């Protein structure tokens with residue numbers, strides 16, 4: 001019915017369409033798996049079920065809460081309403097200090113303990129991640 | 001004071017010249033002269049001079065620490081070394097936009113004097129489109145980010161430049177990156193001009209390819225400089241973090257690479273015209289999008305100098321206008337010439353270049369979605385998420401296998417119709433690659449099959465290009481060098497990521513930390529005073545498994561203006577591996593948090609990127625295209 005050339009073109013179009021669909025599917029699928037959600041200490045307290053997935057917790061490092069020994073750094077993240085204890089062994093960024101904003105990435109042990117795998121580095125002493133700003137409800 | 005005024009008024013004069021230029025060139029468009037009116041050239045040169053004067057006067061204000069200038073006050077300090085006073089000029093929002101303008105005007109002037117053998121109307125239209133962009137940026141600078149704002153009373157001291165920006169690599173990173181990033185504007189303008197003149201042809205392809213190459217080379221080197229800086233200054237011990245800001249520079253690079261390849265098809269076969277135009281338009285649009293994302297404060301990074309919604313909105317509107325304009329022109333004027341499209345065969349150089357383009361578009365869409373999706377989600381549902389490296393690795397790394405494979409085969413195909421020649425030697429090369437890989441990889445990873453395939457496809461490209469470089473009569477050396485550089489890049493990145501090892505621990509002075517026969521000994525610390533910072537230098541002795549010791553001296557700097565603590569990693573580089581040590585203060589001075597990394601083949605990553613750009617450079621200076 002159609003010429004050879006037209007047929008070939010249809011095959012080509014079909015291939016393109018199929019691969020586009022495949023690509024979109026692939027991207028969305030791995031987005032779903034690899035996205036890390038951000039939560040404030042208060043949001044963690046109000047969780048009904050503990051999430052097994054990696055999350056980020058942000059807030060302020062509570063004053064007088066940093067303790068360090070040879071393989072761990074412990075501290076408390078607070079949003080001035082609720083607190084979460086963080087247990088961390090890894091590299092600490094420069095601007096990590098008591099009374100400053102922080103974002104920790106890792107897994108919840110329970111509602112009070114958070115095992116961090118990464119503390120995010122900040123570039124600027126005045127800078128506060130917008131997530132943290134929102135989490136502690138200030139401006 | 002004076003410099004301030006000179007700078008400001010030359011900016012305004014530059015803007016007026018833009019308007020004048022538009023008028024004169026529109027008049028010239030309808031005149032019957034064969035050549036462009038000399039006035040147009042002179043005016044364009046004058047505009048460049050004004051922008052240069054403005055830029056120089058800002059540099060002068062920085063050198064003199066003239067704190068009556070708000071930009072200088074916000075970003076400089078008298079105790080800063082001269083070199084960083086100068087580089088501070090573009091280390092901030094206002095100054096870097098002035099640099100944008102400088103590159104925009106420089107490129108259009110160079111374009112005018114370098115395109116004399118091109119049709120007159122095409123040249124004038126390119127100038128006009130470029131002037132639209134230039135006017136937009138003049139307005140942007142003058143309305144929202146004037147670098148010459150007055151401060152009164154005049155402060156006696158400035159606020160200082162963010163110390164992590166005080167670094168040699170970062171001092172030259174912005175100008176180089178901008179030459180590539182903003183250089184794409186000329187591709188944008190000239191492709192629009194070519195479309196309106198129905199001039200998207202072999203001749204045009206040959207001429208615009210030079211500009212694509214220039215942008216591509218600068219962008220490649222600019223990205224590399226940023227990456228080197230991140231490697232030793234941020235202390236994360238890596239060179240690429242899939243940070244949105246990095247992605248924003250990678251996206252135009254991917255498109256430029258695609259364009260670079262398919263423009264060859266245009267140049268040789270006058271095919272794929274629409275595709276070339278679309279890519280040309282997209283490149284600059286993506287550069288603008290990147291600027292919007294970074295400068296509007298939507299993305300947070302060291303590049304986000306100040307959050308001012310007005311700026312974001314201005315760029316967004318401007319971007320929107322440019323997109324509508326370019327799409328409008330494309331659909332109104334573009335005619336696909338069907339002369340050549342019929343003899344497009346499956347097994348040919350054209351197809352292989354199209355395959356390259358497909359991969360580039362795929363990589364682009366992965367990076368684009370990973371970058372934009374979190375912003376999008378935040379806007380529609382105010383859910384905060386982040387997309388990390390696993391996302392990109394999962395989606396990009398497996399696709400490198402076919403990509404590398406096609407990259408080894410593609411260049412050996414001929415135009416129009418071809419057979420794969422020397423099948424046997426290719427198969428032998430492939431078998432050697434697989435065996436070599438298996439031999440190397442077998443004890444290193446638990447995902448043996450995947451890594452064997454991945455690494456051997458990289459080796460395959462490595463050997464085929466290497467053979468071409470040394471044994472065969474070379475027919476396209478620039479391409480071979482660039483592809484060889486790419487295979488080396490992938491190999492170094494793969495081995496670097498497979499073989500890297502890392503130790504993180506908290507340690508006191510005088511303590512020893514041992515692990516698998518290696519030993520880290522924290523000997524002592526010394527303090528040192530510089531004009532703009534105090535530093536704590538630590539002395540570490542590290543003994544590796546073979547009993548060799550190296551001394552590493554990482555540093556913590558406490559800058560005084562602004563008060564910021566930075567870590568300076570100490571890196572011992574050899575051809576085989578980098579030893580990287582960085583330390584941080586945690587609380588008090590008792591414990592230091594250290595990160596020690598052994599990163600194999602680190603230097604080869606930089607070398608291979610240089611090879612890649614060398615390939616581009618060779619192609620740029622090649623006199624004649626060999627058959």
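What follows draws every value from the coordinates through simple rules; no lab data is involved. Model, not experiment: these values are computed from the prediction. Cβ placement follows ideal geometry from the backbone for every residue including glycine, while neighbour counts extend to all protein chains displayed.
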Equivalent ellipsoid semi-axes, segment B:1-166, via Cα gyration tensor eigenvalues times 5, rooted, Å: 36, 14, 11
Sequence ranges B:177-187, B:51-61, B:568-578, B:23-33, ranked by mean other-Cβ count within 10 angstrom, highest first: B:177-187, B:51-61, B:568-578, B:23-33
Exposure proxy ranking, count of Cβ atoms within 10 Å, fewest first, for B:289, B:22, B:262: B:22, B:289, B:262
At 1.306 mPa s and 10 °C, Stokes diffusion of the protein assembly as shown via Kirkwood alpha-carbon radius, µm² per second: 56
Relative packing of B:240-246, B:193-199, which averages over residues the other C-beta atoms within 10 Å, highest first: B:193-199, B:240-246
Taking B:543, A:109, B:85 and counting other C-beta atoms within 10 Å, the order from fewest to most: A:109, B:543, B:85
Cα radius of gyration and Dmax for segment A:1-62 (Å): 23.1, 76
Descending semi-axes in Å of chain B, equivalent ellipsoid built from Cα gyration tensor: 41, 38, 19
Ellipticity estimate at 222 nm from DSSP helix runs (n ≥ 4, -39,500 (n - 2.57)) divided over chain B, nearest 500: -21500 deg cm²/dmol
Chain B: relative contact order in percent, alpha carbon pairs under 8 Å with at least 6 residues between: 11
Segment B:365-429: Rg to Rh, with Rh as the Kirkwood radius over Cα pairs: 1.30
Over segment B:502-601: Rg over Rh, Cα atoms, Kirkwood Rh: 0.99
Ordering of B:555-567, B:123-135, B:310-322 by packing [mean C-beta count within 10 Å, highest first]: B:123-135, B:555-567, B:310-322
Zero-based 5 Å bins, Cα pair distances in segment B:376-492, whole percents: 2, 10, 17, 20, 16, 11, 7, 6, 5, 3, 3, 1
